[in-house]
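Scroll down for the structure; my scribbles are underneath it.
The values are calculated or read from the model by the stated rules, or taken from the named source; none is laboratory data. Worth saying up front: this structure is predicted, and the values here are computed from it rather than measured. Note: ideal-geometry Cβ built from the backbone for every residue, glycine included; neighbour counts use all protein chains shown. With ligands, DNA and RNA removed, areas are computed over all heavy atoms of the protein, side chains included. Shrake-Rupley method; radii C 1.70, N 1.55, O 1.52, S 1.80 Å.
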Amino acid sequence: MPLSSLNDDQRKAATAPLGHNLIIASAGTGKTSTIVGRIAHLLHKGVEPSKILLLTFTNKAAGEMIARLERYFPKKVVSQIESGTFHAVSYRWLKVLHPNLALKQPSELKTLFRSIYEKRNFERMNLPLAPFSATFLYEMYSLYQNASLEVFDVWFLEKYPEHEVIMDVYMDIAEEFEREKVDYGFASFNDLLLRIKSHLEDHIIHFDEVLVDEYQDTNTLQGALIDALKPTALFCVGDYDQSIYAFNGANIENIATYSTRYHDAKVFTLSINYRSTAPILSLANRVIERNERIYPKKLVVGRIGKTHPPKLLMYKDLFEQYQAIAQAIKHTYTPNDDIAIIFRNNSSADGIEASLRELGVACKRKGGTSFFDAKEIKFLLDLLSLMVNPKDMMAFIHIFEYASGVGSALAKEFFQCFLYFGKGNFMQGVLYPTQNDLPKLNPNKNVQLGLFDDDDEIGSASRFRHLELDAKVYGHPLLKHPKIIQDGVKFFNDFYSLMNELRGMENPAKILQTAIVSKLYKNIIDILSTQRGRLKSGELDEEKKRQAKERIERKAGLLLQLSRQYRELRRFVNAMILGGGELSEGEGVNLLTVHASKGLEFAEVYVVDLVDGRFPNRRMMSSIDEERRLFYVAVTRAKDRLYLSLANYDKVKKIEYKPSQFLHEAGLIKGEFIEPEAKGKKKE
C-alpha cells in the first residue's frame, strides 16, 4: 500500500490528523509519494472520495497521482476524487453552471482588450503624459487579478501614481472589457477562479480535505479561493526555497504566514533527498542558505554509491561555450532524453540549439515560445474554435487581423455585421446573408473618450467587380462596408470558400486537413514565412523563407496528428486550450528555462551562462532572493552529474562578463563577489 513505502517523515505527514497541515517538501524529498499516501490514508479512514479535492499546478501532475492511486484502489473509487489544476477544476464547475462558457487564451483576450482600447482617441484628451500601451495595460490588469484583492485603480496607482490623470479612462476600458466578456460568454483563466470564488460566497461546495501541491507558487487569488472553499481540513505541500513565480503573481506570503493564519497549523518537514548526490545537494544548500529561513530544515542525502562533484566549465567566448557543451553531449553515454541544459534567459537557448543541431544531436526546447503559441498553430485553432462556437468573436478577430487593412477594431465591426446579416446566426451571415444593408454600429458617440463614430456612407460593392471572387461573394453586403479595401475582400473570399467547404464536417482531422490545404491558410503560411525570411536590412532571404515555410508546414502536420486521436471537434479544441501548454514536441536533449525545468529531474544537467547580468538577471529580477531560488531549482534538477558553465566574453555584443555571485557563494570561485558597479564596470 502507498503508506508502507514512505519513510518516517513522509508517513507522519501523510497520517496527520485532519486540520491545517503544511508539509515542507524540498527538492527530491518525495512530495508526490506523500500526497498519494495522504489520499490513501483518507480513503482508508472512510473519507468519501468525492469529498477529496486535489489541486495541482499541472494536469499532468494530477494525472500521475491519480494513476498511482489506481494501483491500490478500484478505478470507480479513485475517479470520484476531484483533481486537476485550479483552472481545470474551476472550469469544470463553471461549465455545469454555464454550459456555453468559452475559455479564451490570454493572447485572444489581449486582442479584445486592444479593440476596446483602440476606440479611445487619446490625442484629443491633451494629456500631460503618454498613456500606457494596450498590451502593457492588459498585462498589468491580468497581474492585478492574480495579485490583489483591492480595486484596480487603487492597486494600479500605488505603482504608477503619475497616471492618475488618465485612470478614469483605464478603468472605463477595463469595465467595458469585463462587460464584453460576459456578453460573448468568454472567460479568461483568471475569470475561472474569480467567478468560482464569487459563486462560493453564496453556494457551498463542501470537501472534507483540500490538498494543494506546489503551495509556494499559489498567488493571492488562488489563496483566496482556497479560503472560500472552507474545507474541513487543508493539506498543503510546498517549499519556500522553490518559490520562483513572483513575476507571475505568486505570493510567497501564502506559505510564509501559514502558521500564523491558521491557529491549529502543524508543520512537517521532509528531510531525506532521494534525487541528488551528496556533492550536488551540498552545493545547492551552500547557496540557498543565504536566503532568510522561513521554516528551519536540514536535508539528509538518501542516495549511496559513487558520486561526481559538480564541475565548473569556463570559456573565453559565449558561442565557444555552447559549441563545447554540444560536443560533450554528443560524446556522452547518457541518453539524450536524460540530459538537460537549463538557462535563465531565452536568448541562451538559440546558440545552444544551433550548436546541437549542427552536430546532429536531437533536442527539444521548452520554456520559450510554446508550440501552441506559434502564430501558424493559433490561426488553425482559431478556425476550429469558430467552428465549435460561431459566436466566438475573438477567434474571428484573430483570423481577420491577417487581412491587409483590417485591424482588431475593424475585424470586430465585420463580426458584428455578420451577426446582423444572419439575424444573430454568424455562419448564416457569412454564407447566406438575409440582410442587405449595414448596421449602425456606434449610434452613441462618446466625445469625452474620443470613441470612433460610424456614420460613414455605405460604400459601393461595384468597386470590386474586377476581382476574381466566388459568385456569391460579389453579392455579399459586406462588400458595401466603407472601410473594406481590396485586400480585405480577397481575404473574405478565401474565408468564405473555406467556411462553405467545412460546412457539415464534424471530424477534427478532416476539418483540419481541409483547412491546412485551403487557399486561406496557404496565404497565412506565405505571410508568416515572408516575415520570418526577412533580414535585418529588410531584404527577403528566399532560403530563409523556404526554411520557415517548412517549419510552419511541419507544425501544422503535428497538430493534424494530434487531432486524429479525437472524434469530437469540441473535445479536441478544449484539450488544446487547456492542455496545450503542457505538451511538447520532439525528442532529445531538453533545453529548458529554469521555470520550465521545475518538477523535472535528469541524470546530467548543464546550467549555462552563469555570469552576472544573465544569472542573476539583474534587470528582470524581483529580488536577489528570488534569483537565488531560481539557481537552487536549476541545480537540484541534477541527479548524478552537474555542470555549471560560463563564458567571459560575448563577441557579438562585445560585452565582458564577471562570474555569477552564485558561483562565489557555492565556493567554486574563490573570494567574495563584488558587484560590477562597485568597480565602475558596465553591466549587461
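Which of the helices (runs of 4 or more DSSP H) found entirely inside segment 399-481 contain at least 2 residues meeting this: on the phi < 0 side of the Ramachandran plot and either touching a strand residue (DSSP E or B) at 6+ places or on another chain (Cβ under 8 Å) or modelled with pLDDT under 90 (or both)?
Once the helices (runs of 4 or more DSSP H) in segment 399-481 are filtered for at least 2 residues that are on the phi < 0 side of the Ramachandran plot and either touching a strand residue (DSSP E or B) at 6+ places or on another chain (Cβ under 8 Å) or modelled with pLDDT under 90 (or both), what remains is 408-421, 471-474.
Check whether at least one residue in segment 216-228 is open to solvent by 50 Å² or more (accessible area, probe 1.4 Å) and either within 23 Å of the chain's Cα centre (by Cα) or touching a residue at least 24 places away in the same chain (Cβ under 8 Å) (or both), and report yes or no. If you could, list the steps in order and put the result at the bottom.
At the first step, the residues of segment 216-228 found to be open to solvent by 50 Å² or more (accessible area, probe 1.4 Å) are 227.
If we keep only those that are either within 23 Å of the chain's Cα centre (by Cα) or touching a residue at least 24 places away in the same chain (Cβ under 8 Å) (or both) as well, we get none.
Within segment 216-228 (the criterion being open to solvent by 50 Å² or more (accessible area, probe 1.4 Å) and either within 23 Å of the chain's Cα centre (by Cα) or touching a residue at least 24 places away in the same chain (Cβ under 8 Å) (or both)), the answer is no, since none of the residues qualifies.
Checking the structure you have, find out if any residue of segment 3-11 is touching a helix residue (DSSP H, G or I) at 6+ places or on another chain (Cβ under 8 Å), at pLDDT below 90, open to solvent by 10 Å² or more (accessible area, probe 1.4 Å) and part of a helix (DSSP H, G or I).
The answer is yes; a qualifying residue exists.
Does ALA61 satisfy the condition of being out of contact with any Phe, Trp or Tyr (no Cβ under 8 Å at 6 or more places or on another chain) and modelled with pLDDT under 95?
yes
Just give me the residues in segment 473-489 being open to solvent by 50 Å² or more (accessible area, probe 1.4 Å) and touching a residue at least 40 places away in the same chain (Cβ under 8 Å), in sequence order.
LYS480, LYS483, ILE485, ASP487
So, in segment 54-78, of the ones that are free of Cβ contacts under 8 Å to residues at least 12 places away in the same chain, of a type outside the set (Asp, Glu) and not in a helix (DSSP H, G or I), which residue ends up least open to solvent (accessible area, probe 1.4 Å)?
My answer is PRO74.
Quick check on this structure: which one of THR232, THR218, THR269 is of a type in the set (Ser, Thr, Tyr), closer than 25 Å to ALA40 by Cβ and in contact with a Cys (Cβ under 9 Å, 6 or more places away or on another chain)?
Working: THR232 fails: in contact with a Cys (Cβ under 9 Å, 6 or more places away or on another chain); THR269 fails: in contact with a Cys (Cβ under 9 Å, 6 or more places away or on another chain).
After ruling out the rest, the residue left standing is THR218.
For the list (1) buried (at least 16 other Cβ atoms within 10 Å of the Cβ); (2) out of contact with any Lys or Arg (no Cβ under 6 Å at 6 or more places or on another chain); (3) at pLDDT below 90; (4) over 18 Å from ALA638 (Cα atoms), I need the number of the one condition that LYS298 fails.
LYS298 satisfies every listed condition except (1).
Residue by residue through segment 503-534, note down the ones that are farther than 19 Å from GLY557 by Cβ and open to solvent by 70 Å² or more (accessible area, probe 1.4 Å).
Matches in segment 503-534: ARG503, GLY504, GLU506, GLN531, ARG534.
For segment 191-211, how many residues meet the condition of being free of Cβ contacts under 8 Å to residues at least 60 places away in the same chain, in a helix (DSSP H, G or I) and aliphatic (A, V, I, L, M)?
First pass over segment 191-211, keeping only residues free of Cβ contacts under 8 Å to residues at least 60 places away in the same chain: 191, 194, 197-198, 200-204.
Still in the running and in a helix (DSSP H, G or I): 191, 194, 197-198, 200.
Filter again for aliphatic (A, V, I, L, M), leaving 194, 200.
Residues meeting the conditions: 2.
Out of all the residues in segment 104-133, which are open to solvent by 10 Å² or more (accessible area, probe 1.4 Å), hydrophobic (A, V, I, L, M, F, W, C) and not in a loop (DSSP other than H, G, I, E, B)?
PHE122, MET125
Yes or no: ASP373 in contact with a helix residue (DSSP H, G or I) (Cβ under 9 Å, 6 or more places away or on another chain), charged (D, E, K, R) and surrounded by 17 or more Cβ atoms within 10 Å (Cβ to Cβ)?
On the way: in contact with a helix residue (DSSP H, G or I) (Cβ under 9 Å, 6 or more places away or on another chain): yes; charged (D, E, K, R): yes; surrounded by 17 or more Cβ atoms within 10 Å (Cβ to Cβ): no.
For ASP373, the condition - in contact with a helix residue (DSSP H, G or I) (Cβ under 9 Å, 6 or more places away or on another chain), charged (D, E, K, R) and surrounded by 17 or more Cβ atoms within 10 Å (Cβ to Cβ) - is not met.
Kindly indicate whether any position in segment 46-53 is open to solvent by 50 Å² or more (accessible area, probe 1.4 Å) and under 15 Å from ALA16 (Cβ atoms).
no
Among the residues of segment 181-212, what is the count of those that are touching a Pro at 6+ places or on another chain (Cβ under 8 Å) and of a type in the set (Ser, Thr, Tyr)?
Residues flagged as touching a Pro at 6+ places or on another chain (Cβ under 8 Å) and of a type in the set (Ser, Thr, Tyr) within segment 181-212 amount to 1.
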